[in-house]
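In what follows, a single structure is set out as structure tokens and then discussed.
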Amino acid sequence: MSSNYKHLLEPLDLGFTTLKNRALMGSMHTGLEDRARDFPKLAAYFAERARGGVALMVTGGFAPNIEGWLSPFGSKLSKKSEVKRHLQVTKAVHDEGGKICLQILHAGRYGYSPLCVSASNIKSPISPFKPRALSTKGVYRTIKDYANSAALAQQAGYDGVEIMGSEGYFINQFLVTHTNKRTDEWGGSFDNRMRLPVEIVKAVRAAAGPNFIIIYRLSMLDLIEQGSTWEEVVKLGQAIEAAGATIINTGIGWHEARVPTIATSVPRAAFSWVTGRMNDHVSIPVVATNRINDPQVANDIIERGDSDMISMARPFLADSDFVKKAASGNAELINTCIGCNQACLDHTFSGKRSTCLVNPRACYETELNYTPTTLSKKVAVVGAGPAGLSAATVLADRGHEVDLFDKDEQIGGQFNIAKKIPGKEEFYETLRYFENLIKKNGVKLHLNQTISAEQLISSGYDEVVLATGIRPRQLDLDGADHSKVLSYIDVVVHKKPVGHRVAIIGAGGIGFDIAELLAHQGVSPSLDVQKFNKEWGVDESYDSRGAYIMASPEPAARQITMLQRKQSKMGKGLGKTTGWIHRASLKMKNVQMISGVNYTKIDDRGLHFTIQDGEPQVVECDTVVVCAGQLSRRDLLDELQTHNISTHLVGGSKLAGELDAKRAIREGFEVASLI
């Protein structure tokens, strides 16, 4: 066992049972929970992570009744007939030496169902249905439903349950006056409002007995107006302990809060300080969570006394062997979660099965696999961007002889642009992972080398994978060759000077990244917790309700205007769960956004345009940065095919469109698994 992470890896005695380490896999709704036919896949998913060394896992949320559904006919555990499907999950986990808890989650007003209920009939801003205010009798019935769900979980072989009391769901909705306007015994004073979670924990403990883990997910930072005070949070935590909870997990922010909490722009362990404050007020173990993706960061949190355990959810999507690699001294081979949300949360909130941008096997453990080859081939992979890296490392791991070529001096392709954007520094970790995997799997890496079709043909390769990526689309406009016009590659890679007044042509993902880069000054907020808190309005003193105050961002480094031809909302194509963050961040920097533009020319004055054939307008600027899309690079394809060389296109070279690393890495994996 590695001594570097001894605090993370040491056992935790819960009295009636012992956890083998301090790593908890936090709850994530994957979509596999919603249909009985997907439970074998769910079992394989959890088993792989138990095999990877996680001590305790928590499932995605299961409603205790129909009113608590996240969506119609979604995950629920309220009937004995539903127990059997869960037995295959718990058995798979126990066979691998792990422990698992079922999360009981009542969506409340967040439910995408006309049956949804809440403390009061106040509609959520993020869901379409106005909830019905639950009657007094209904509250008592719901408490019984929680206890029933826990008892069924116990019958299904779970080691415990997690009661979801944070993130703005049902229990949270009773706790704060923001959503609780009741006048009965469940409303009014905080003592009344906190009765619901306390009575739920009592009822669950009575139903399950003493030798059953009860995790309570406590909202320690609501990050909304009229949220809980720190004194109320402490009072509730102590009452939850007295009611019979085994562990207190940390919840950060309501889903409707306007503060990022788990995106890559959030600093690592940004909220562990509040868990540390709670740790001083309760005697049961507490768990730190949110944007903890590195074993050293996790170990340090425990070492300084901020928590007793660490919850990492998406890091175990990215790498099921996270704990095993840390324990064996191979942390450099951990495939780090970059907090992008693109394949996990974005999928969840779009009704798709979750997976992971950097690990396409996540939630596809029974479908996306590869086996050692029975016939070793000589394979060339051209392009060391995300698709090429994925293909080359899988091919080599299968036993093929692999040469990886790139004209650049470093691997990474478009990731080398992304990693330089403030808030996207985690992309360095993906490149570190692939650099070490290249060495481990025996890929022969050739950098600073432009390979020709003739060289590939004469070298006798059996297969060629073209991952040559994209080239920026050229601007077809009068004045496109003006000295003030730069491409985004000129700005990021070649670091060409950019003036104070900037016009950005194109408002896709790259346009937003360039705007973020050019508006930014000083240390990135994603690398500085205090700066992040100031930028987004997190009150670390906790003198305000919900620890939420007015944001106080630093002024922008430049005067920036973004323009796009489309008439749709700026950033519409950005991630479903992160797009609002990018828009809000730039709005705080006073970046101007103009849609529905027809560009006319660029001259010494600036960028000229009209909107829907209206009056001519101009953005007076010193620099015009072009982010107007990209085209696939397929320079080698025709000649290779002419010589009957088996050739495969992956990533940007297959489809440029809006750059998609998720698709690129998966395509590289899939092609490599079939050769």
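Filter region 295-309 for residues that are of a type outside the set (A, V, I, L, M) and either more than 22 Å from Cys337 (Cα to Cα) or outside any helix (DSSP H, G or I) (or both) and give the result. Don't jump to the end; show me each part of the working.
Of the residues in region 295-309, the ones of a type outside the set (A, V, I, L, M) are 295-296, 299-300, 303-308.
Answer for region 295-309, where residues must be of a type outside the set (A, V, I, L, M) and either more than 22 Å from Cys337 (Cα to Cα) or outside any helix (DSSP H, G or I) (or both): Glu303, Arg304, Gly305, Asp306, Ser307, Asp308.
Condition check ((1) assigned by TED's automatic domain parsing to the domain that holds Gly160; (2) in a strand (DSSP E or B); (3) buried (at least 22 other Cβ atoms within 10 Å of the Cβ)) across all residues:
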position: Ile214; (1), (2), (3): yes, yes, yes
position: Arg217; (1), (2), (3): yes, yes, yes
position: Met220; (1), (2), (3): yes, yes, yes
position: Gly227; (1), (2), (3): yes, no, yes
position: Gln238; (1), (2), (3): yes, no, no
position: His255; (1), (2), (3): yes, no, no
position: Ala263; (1), (2), (3): yes, no, no
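Restricting the search to region 27-53, which residues are over 14 Å from Ala362 (Cβ atoms), of a type outside the set (S, T, N, Q) and in contact with a strand residue (DSSP E or B) (Cβ under 6 Å, 6 or more places away or on another chain)?
Glu33
Name the one entry in Leu357, Leu368, Leu375, Leu317 that is part of a loop (DSSP other than H, G, I, E, B) and either without any contact (Cβ under 8 Å) to a residue 60 or more places away in the chain or under 25 Å from Cys101 (Cβ atoms) (or both).
Details: Leu357 fails: either without any contact (Cβ under 8 Å) to a residue 60 or more places away in the chain or under 25 Å from Cys101 (Cβ atoms) (or both); Leu368 fails: either without any contact (Cβ under 8 Å) to a residue 60 or more places away in the chain or under 25 Å from Cys101 (Cβ atoms) (or both); Leu317 fails: part of a loop (DSSP other than H, G, I, E, B).
Answer to the selection: Leu375.
Does region 52-75 contain at least one residue that is among the aromatic types (Phe, Trp, Tyr) and modelled with pLDDT of 95 or more?
yes
Exactly one condition in (1) touching a residue at least 12 places away in the same chain (Cβ under 8 Å); (2) in contact with a Ser or Thr (Cβ under 9 Å, 6 or more places away or on another chain) is false for Ser544; which is it?
Every condition holds for Ser544 apart from (1).
So which residues in region 180-208 are crowded, with 19+ Cβ neighbours inside 10 Å and aromatic (Phe, Trp, Tyr)?
Once the filter is applied, which keeps residues that are crowded, with 19+ Cβ neighbours inside 10 Å and aromatic (Phe, Trp, Tyr), region 180-208 yields only Trp186.
All but one of (1) assigned to a loop (DSSP other than H, G, I, E, B); (2) small (Gly, Ala, Ser); (3) over 23 Å from the mean Cα position of the chain (by Cα) hold for Ala362; state the number of the condition that does not hold.
(3)
Yes/no per residue for (1) in the same structural domain as Ile417 (by TED's automatic domain parsing); (2) under 16 Å from Tyr364 (Cβ atoms); (3) small (Gly, Ala, Ser):
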site: Asp638; (1), (2), (3): yes, no, no
site: Thr642; (1), (2), (3): yes, no, no
site: Ser646; (1), (2), (3): yes, no, yes
site: Leu649; (1), (2), (3): yes, no, no
site: Lys654; (1), (2), (3): yes, no, no
site: Asp660; (1), (2), (3): yes, no, no
site: Arg663; (1), (2), (3): yes, yes, no
site: Arg666; (1), (2), (3): yes, yes, no
site: Phe669; (1), (2), (3): yes, yes, no
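Would region 521-540 turn up any residue that is part of a helix (DSSP H, G or I), closer than 30 Å to Glu232 by Cα, touching a strand residue (DSSP E or B) at 6+ places or on another chain (Cβ under 8 Å) and of a type outside the set (Asp, Glu)?
yes
Could you say whether any residue in region 59-66 is in contact (Cβ under 8 Å) with a residue 24 or more places away in the chain and farther than 30 Å from Ser135 by Cβ?
no
Test each condition in (1) assigned to a loop (DSSP other than H, G, I, E, B); (2) more than 18 Å from Ile451 (Cβ to Cβ) for Thr393 and report the one that comes out false.
(1)
How many residues are under 24 Å from the mean Cα position of the chain (by Cα), aliphatic (A, V, I, L, M) and more than 21 Å from Gly339 (Cα to Cα) if we restrict to region 656-674? Steps first, please.
Step one: list which residues in region 656-674 are under 24 Å from the mean Cα position of the chain (by Cα), which gives 656-670.
Keeping just the survivors that are aliphatic (A, V, I, L, M) gives 656, 659, 661, 664-665.
If we keep only those that are more than 21 Å from Gly339 (Cα to Cα) too, we end up with 656.
Looking only at that region, the number is 1.
Say whether the condition of being surrounded by fewer than 17 Cβ atoms within 10 Å (Cβ to Cβ), of a type in the set (Val, Ile, Thr) and in contact (Cβ under 8 Å) with a residue 24 or more places away in the chain is met by at least one residue in region 130-150.
yes
Here is a yes/no grid of residues against (1) under 26 Å from the mean Cα position of the chain (by Cα); (2) acidic (Asp, Glu); (3) not assigned by TED's automatic domain parsing to the domain that holds Ile171:
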site	(1), (2), (3)
Asn65	no, no, no
Ser71	yes, no, no
Gly74	yes, no, no
Glu82	no, yes, no
Val93	yes, no, no
Leu102	yes, no, no
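Got a number for residues in region 194-226 being among the aromatic types (Phe, Trp, Tyr) and within 25 Å of the chain's Cα centre (by Cα)?
Total meeting the criteria: 1.
So in region 280-290, with the set limited to residues that are in a loop (DSSP other than H, G, I, E, B) and not charged (D, E, K, R), which one is surrounded by the most Cβ atoms within 10 Å (Cβ to Cβ)? Break it down into steps so the answer makes sense when it comes.
In the first step, residues of region 280-290 are kept if they are in a loop (DSSP other than H, G, I, E, B); the result is 280-285, 289-290.
From the residues that got through so far, the ones that are not charged (D, E, K, R) too are 281-285, 289-290.
Details: His281: 15, Val282: 17, Ser283: 8, Ile284: 19, Pro285: 21, Thr289: 26, Asn290: 24.
Ranking the qualifying residues of region 280-290, first place goes to Thr289.
Looking at region 653-667, which of the residues that are assigned to a helix (DSSP H, G or I), touching a Gly at 6+ places or on another chain (Cβ under 7 Å) and more than 9 Å from Pro386 (Cβ to Cβ) is modelled with the lowest pLDDT?
Ser653
Let me spell it out: the conditions are (1) at pLDDT below 95; (2) touching a helix residue (DSSP H, G or I) at 6+ places or on another chain (Cβ under 9 Å), and Arg565 meets all of them except one. Which number is the exception?
Checking Arg565 against (1) at pLDDT below 95; (2) touching a helix residue (DSSP H, G or I) at 6+ places or on another chain (Cβ under 9 Å), the one that fails is (2).
Does Arg277 satisfy the criteria of being in contact with a Lys or Arg (Cβ under 7 Å, 6 or more places away or on another chain) and surrounded by fewer than 24 Cβ atoms within 10 Å (Cβ to Cβ)?
no
Pairs only if they're at least six apart or on different chains, beta carbon under 9 angstrom, first in region 520-533 and closer than 18 Å to Leu586 by Cβ and without any contact (Cβ under 8 Å) to a residue 60 or more places away in the chain, second surrounded by 15 or more Cβ atoms within 10 Å (Cβ to Cβ) and polar (S, T, N, Q); list them, first residue then second.
Lys531/Ser524
Taking the condition more than 30 Å from Gln564 (Cα to Cα), out of contact with any His (no Cβ under 8 Å at 6 or more places or on another chain) and of a type in the set (S, T, N, Q), does Ser632 pass?
no
Having 2 or more residues that are in contact (Cβ under 8 Å) with a residue 40 or more places away in the chain and not aliphatic (A, V, I, L, M) is the bar; report the helices (runs of 4 or more DSSP H) wholly within region 409-477 that clear it.
The qualifying helices (runs of 4 or more DSSP H) are 415-418, 427-441.
Are any residues in region 104-119 within 23 Å of the chain's Cα centre (by Cα) and either of a type in the set (Gly, Ala, Ser) or not in a helix (DSSP H, G or I) (or both), and if so, which ones?
Across region 104-119, the qualifying residues are Ile104, Leu105, His106, Ala107, Gly111, Tyr112.
For region 378-390: of the residues being part of a strand (DSSP E or B) and touching a helix residue (DSSP H, G or I) at 6+ places or on another chain (Cβ under 6 Å), which is surrounded by the fewest Cβ atoms within 10 Å (Cβ to Cβ)?
Once the filter is applied, the top-ranked residue is Val379.
Do we find that Gly329 is over 21 Å from Thr430 (Cα atoms) and either assigned to a loop (DSSP other than H, G, I, E, B) or assigned by TED's automatic domain parsing to the domain that holds Val259 (or both) in this structure?
Judged against the criteria, Gly329 is not a match.
Of the residues that sit in region 155-179 and are crowded, with 24+ Cβ neighbours inside 10 Å and among the aliphatic types (A, V, I, L, M), which one is farthest from Lys80 (Cα to Cα)?
Val176
The values are calculated or read from the model by the stated rules, or taken from the named source; none is laboratory data. All of these numbers come straight from a predicted model, not from anything done at the bench. Cβ: placed from backbone, ideal geometry, glycine included. Neighbour counts: every protein chain shown.
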